[in-house]
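FYI, it's all coordinate maths here, none of it is from the lab. What you see is a predicted model, and the numbers here were worked out from it, not measured in a lab. Note: ideal-geometry Cβ built from the backbone for every residue, glycine included; neighbour counts use all protein chains shown.
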Amino acid sequence: MRNFSFLTLVVLLFLNLPIIAKAEGEGNLKRHTISGHIRDNSTGEDLIGATVYVKELKIGTTSNVYGFYSISLNSGSYTLAVSYVGYQTIEKTIELNDDITYNVELLLANQEIEGIIVTGEALNVNVTKAEMSTIKMDAKTIKEIPALMGEVDIIKAIQLLPGVQTIAEGSSGFSVRGGSMDQNLIQMDEATVYNASHLMGFFSVFNNDAIADVKLYKGDIPASSGGRLSSLLDVRMKNGNSKKYSVTGGIGTISSRLLVEGPIVKNKASFILSGRRTYYDLFFKLSSDEDYEDVKMYFYDLNGKVNYNINENNRVFISGYFGEDVFGSPDFKMGWANQTITVRWNHLFSKKLFSNFTAVYSKFDYELGMPEGSVYSFEWISNLKDYGGKVDFSYYLNANNAIRFGISSTFHEFVPGTLKPLGSESAFNEITVENNSGLESAIYVSNEQKIGSRIILKYGLRFSHFVNVGKSITYNFENYELQDSTVYGKGEFFSPYYGLEPRIGGVFIINERSSIKASYARTRQYIHLAQNSTAGTPLDIWFPSTPNVEPQIADQYALGYFRNFKENTIEASAEVYYKHIQNAIDFKDYAELLLYKYFEGELRFGEAWAYGIELMAKYDINKFNGWVSYTLSRTERRINTINNNEIYRTTYDKPHDVSIVINYNTSKRVSISAVWLYSTGSAVTFPSGRAEHGGTNFPIFTERNAYRMKDYHRLDLSLTWRSKDKPNKKFATDLNFSIYNVYNRKNPWVINFLTDEDTGETYAEMTYLFGIVPAITFNFKFN
Amino acid sequence: MKKTGLIIIIAIGIILNGCTERIEIELDSTYTRLVVEGHITNETKAHWVRLTKSVDYYSTTPAPTISNALVTINDGFKTDTLVESNNSDSAGYYLTPTNYFGKIDSTYLLKIDIPEEINGEKQYTASSKLNPVAPIDSIRIEYFEDWYGYWEVQLFAWDPAETENYYTFNVYRNDTLLTYPVNEVSITDDSYFNGNYINGAAIYYFVNDEEYGEYLYPGDTITVHMGGITEEYYNFLYEFQEETSEFRNPLFSGPPANISTNISNGAIGFFAAYSVSYASTVYQE
């Protein structure tokens, strides 16, 4: 399989070389390049994925994640239409005699200005782009979705998309096309976010005010990305308004936030700083009960970014994220924190060759402890550090070929934890689980090629490599029993794993309104999450592939039909996918994972499958916008020693999943949103028999995950009331009311069996988390 | 590690105390299994092995007992046959003579022959080594005023460094066993304090409010039985306590699974051999 696809790609590349060579050296007509950046007119923010369309040739290109575009055409006169969702399209006629830089600043759809031709046509990018299984959301759309306790959350928003399931209510962990929680690569401005959740997963770490763009790849993952099997969630933060200062903020039921942005040098350099903090622990401080006075319970996020346009060809960004959850009392403390620092440099080698250099440092750590002074005093600290660098090139060869290539490498340092006794009275010994390190690298090349007017073919190859780095100890197991150990010295490389990851996709455009797309991608994952609990906790540990753990490998095939209606105001799609995972990982019954040296002996391996159909219709008609989606799917595994080696469903196998999102702008000042979601109940394991022992009864189980909890559904509503919008207004406010779970459906979170002490009868009891939860948020913006 | 897990569970359980509601759930049946419970200790007394059958999950009748089975225990030298109890309350109990005592470091092999087949089998076996246990230096009772007010029963002993030790703690008040049923028993391994002096670790709590636990009266004699158990029995008790705990929290619990056993041929339950050391104290105010 591997050799076949590699061969196919090589053959494809060779077959096209004559065409490429011919196009370059065309006799009389000379080729010139139009390139530049596409930005928002009022803030100067880059517009990601904006379209530049050459009307005469019926070809186009899109801006990359830094707002840069490049297109090479023969000398001549062309009309370019530059467009982006939510903005007014700008058309401009260009006489192309030489390479030119054409920077465009688009106006928001509701703004007005004279002298520039605007057209109001909706776009059919979803039909014509050679990209499937991806969904893009902007901060504005995310903000419209009613949120739990008023906390706007992109992770909750993407769970309303087809193919994305929640793992458990409230949890920030999500499953994409049947993949487990650790198979999603979450990146914020190129830095990997290992734990995207606050407060056990009820909220995410992303402050929506600071987000510019979010794109979820459920499949068809580009060759430039790898390391996780199921998805890429690419979050791009705003750069900061480069034209004027602005302060945005909000006060909500659970937290408050503040964002300050502005130019450092107008139109050249800008900064953005945002923070968010919860304050429910303040209620504890007000309590008269002494025990509660010293309780600390909060989380905060801090995002900072500075960007500087040195000149036309060079741009530098420095960004950082710091966030922490703290829970503490005089007897106990627990906390976890994320820190990332990224430095990036965009460099234009030529109008056709765009490059980005990134250096990243990220750290995720957590601690648990009981203060000094008792027999139980201890402290446990664990962390994961990444030091990474990558280089990405985009070579816009000609109007029909866009080549991307690059190389990346990340050094992962895993510190699973040390438990230290505190003070002389402590009865604890120091327990250390040895550190582990790994170097994960990749090199890739891909091309997106237009063939004729109807076909776009994307093909690429990624080669990834992982090697463990000493100093560390590997424990050797036979039949899961510990045999002995092997010690590796500092800097010693051992246990390399590597492989090819071919990525192929294409679109056949039937007409302006419809197309068929197909894709195949192989991905490899070298680091995994030891998560045994159903919902996942922040204490789950990431661990690398080692001599005992092979990398997971996934092959995903997808086929889709895309059709737009009513002049592109309704975008519909039907996609079918099939995913097969080798070396899938699960844990033995009663696995010991935390602070356990030999935890690799608790792992069990096998295969996993996921397949399904996703139907979606996105609409934007008059005052209504939103989407409706339905997913029919199955996800199951067969793992050695688990469930008698028979296939079993995962807990998040939910055959039916429905989301309905309706946003209604009743007027310029008021908008109402409704979200209704439904999914089959989670798969659970229930007992079939019971036996007596030691004066009580214990349950007997036959099959894992053979039963289901009650179906999950709820309705959320929100209403936003905006202050009057006057031109040149300095101060805007809005008030948002939201109600989560409007009809108070008791959706089970967990089901337990209890015995009535008096009658001896056993009955089932469900625990549900959220009944109806109203919230109110006040938002403001100074310009 | 399992202890740290417990601590976390308590803390988070406090925050996330959701609402509950009783619901109806239909469950399938499953085939009957032989259930064995047996204990051999180094105490001189009649030790017992109990044989019952498993039932459907919602069944409210007591487990059917198995009579007229042939139950023997071999200690490496001799085989003793256990005699079924005549007492109508103790049907299904098979007893050793009252002068029987287990010997440290011997391996005990249990053999069972039942009159009627269960699941196609009539013969079942199990074996367990009888591990030694360190003596208890002393126990102490200390009162704390937090919460409702509670007494801690604290244990002082040395844990041997050379061996991996697993412990159970049973508490008696004036000859009444308080740690009953068996999921009330405190269990621990020595990973956190191997080779150290156990300096007053709390192994039981009395509560100053009868609604929440056992009350302690002045003059009560508190006796602690510390059992030195095998790793397998420790795993069994740990899994047992997980599966019989009233609340499973999706944040920390893995999926439910069958409890391990050391009985052969598809039977469930456990046959455990262990040694016991004691300490007593009389509670004065």
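Structure values in brief
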read-out: Other-chain or far-sequence residues with amide H under 5 Å of A:Ser682's (modelled H); value: A:Met709
read-out: Coordinate range along principal axes, alpha carbons of region B:107-161, Å, largest first; value: 58, 33, 16
read-out: Rg to Rh, two decimals, where chain A supplies the alpha carbon set and Rh follows Kirkwood; value: 0.97
read-out: Alpha-carbon radius of gyration plus Dmax, which is the widest Cα pair, for region A:142-217 in Å; value: 11.6, 30
read-out: Chain A, relative contact order [Cα under 8 Å, separation at least 6], %; value: 10 percent
read-out: Listed pairs A:Lys156/A:Lys351; A:Lys266/A:Lys458; A:Lys58/A:Lys215; A:Lys140/A:Lys244; A:Lys55/A:Lys243 exceeding 28 Å between Cα atoms; value: A:Lys156/A:Lys351; A:Lys266/A:Lys458; A:Lys55/A:Lys243
read-out: Rg(Cα)/(2.2 N^0.38 Å) for region B:159-213, N = residue count; value: 1.36
read-out: Sum of -39500 (n - 2.57) over DSSP H runs of 4+, divided by residues of the protein assembly as shown (222 nm, nearest 500); value: -2000 deg cm²/dmol
read-out: Range of Cα positions in region A:478-552 per principal axis (Å), largest first; value: 64, 33, 27
read-out: Difference of contour (0.36 nm per residue) and Cα-Cα distance, A:Asn313 to A:His713; value: 138.9 nm
read-out: Inter-probe distance in nm under a simple model that places probes 7 Å from Cα toward Cβ, at B:Tyr217 and A:Tyr387; value: 6.9 nm
read-out: Residue-span extension gain [A:Lys623 to A:Thr93] - 0.36 nm each, minus C-alpha spacing; value: 187.5 nm
read-out: Built amide H within the under 5 Å cut-off of A:Val750, gap 5+; value: A:Thr767
read-out: Relative intensity, log₁₀ I(q)/I(0), of region A:655-707 from a Debye sum that treats every alpha carbon as a point, q = 0.16, 0.31 Å⁻¹; value: -0.68, -1.09
read-out: Solvent-free Debye scattering, log10 I(q)/I(0), computed from the Cα coordinates of region A:676-783 at q = 0.17, 0.20 Å⁻¹; value: -0.92, -1.06
read-out: All aspartates and glutamates inside 12 Å of A:Lys333 as judged from Cα atoms, apart from same-chain residues fewer than 8 positions distant; value: A:Asp294, A:Asp325, A:Glu367, A:Glu372, A:Glu379
read-out: In sequence order, calculated HN-Hα J values of region B:44-50 (Karplus, 6.51, -1.76, 1.60; Hz; x Gly/Pro); value: 8, 5, 7, 8, 10, 10, 10
read-out: Fraction of beta bridges assigned by DSSP in the protein assembly as shown that are antiparallel (%, nearest 5); value: 95 percent
read-out: Region A:270-275 - phi-based ³J(HN,Hα) in whole Hz, Karplus 6.51/-1.76/1.60, Gly and Pro as x; value: 8, 9, 8, 9, 9, x
read-out: Nitroxide proxy distance, nm - points 7 Å out along Cα→Cβ at B:Phe144 and B:Glu43; value: 2.9 nm
read-out: Fewest-first ranking of A:Phe753, A:Phe493, using other Cβ atoms within 10 Å as the exposure measure; value: A:Phe493, A:Phe753
read-out: Environment charge of A:Ser446, counting only residues whose C-beta is closer than 9 Å and scoring Lys/Arg +1, Asp/Glu -1; value: +3
read-out: Two-decimal Rg/Rh across region A:418-543, once Rg and the Kirkwood Rh are taken from alpha-carbon atoms; value: 1.21
read-out: In degrees, nearest ten, helix A:2-24 long axis to first principal axis of chain A (Cα); value: 20 degrees
read-out: 5 angstrom amide H check on B:Asp190, placed H, neighbours 5+ away; value: B:Asn165
read-out: All-pairs Cα distance distribution in region B:67-134, expressed in whole percent, bin size 5 Å; value: 4, 15, 22, 22, 18, 12, 6, 1, 0
read-out: Cα-based radius of gyration of region A:29-104 once divided by 2.2 N^0.38 Å, which approximates compact folds; value: 1.04
read-out: Directionally averaged projected area (convex hull, Cα atoms, region B:27-169), nm²; value: 13.8 nm²
read-out: Globularity ratio of region A:626-672, using Cα Rg and 2.2 N^0.38 Å; value: 2.07
read-out: Distance between modelled label sites at A:Glu413 and B:Ser245, nm, 7 Å Cα→Cβ extension; value: 3.4 nm
read-out: Karplus-derived 3J(HN,Hα), 6.51/-1.76/1.60, for each residue of region A:554-566, Hz, glycine and proline x; value: 10, 10, 10, 10, 9, 9, x, 10, 10, 9, 9, 10, 6
read-out: Linear extension gain, A:His465 paired with A:Thr486, 0.36 nm per residue minus alpha-carbon span; value: 5.3 nm
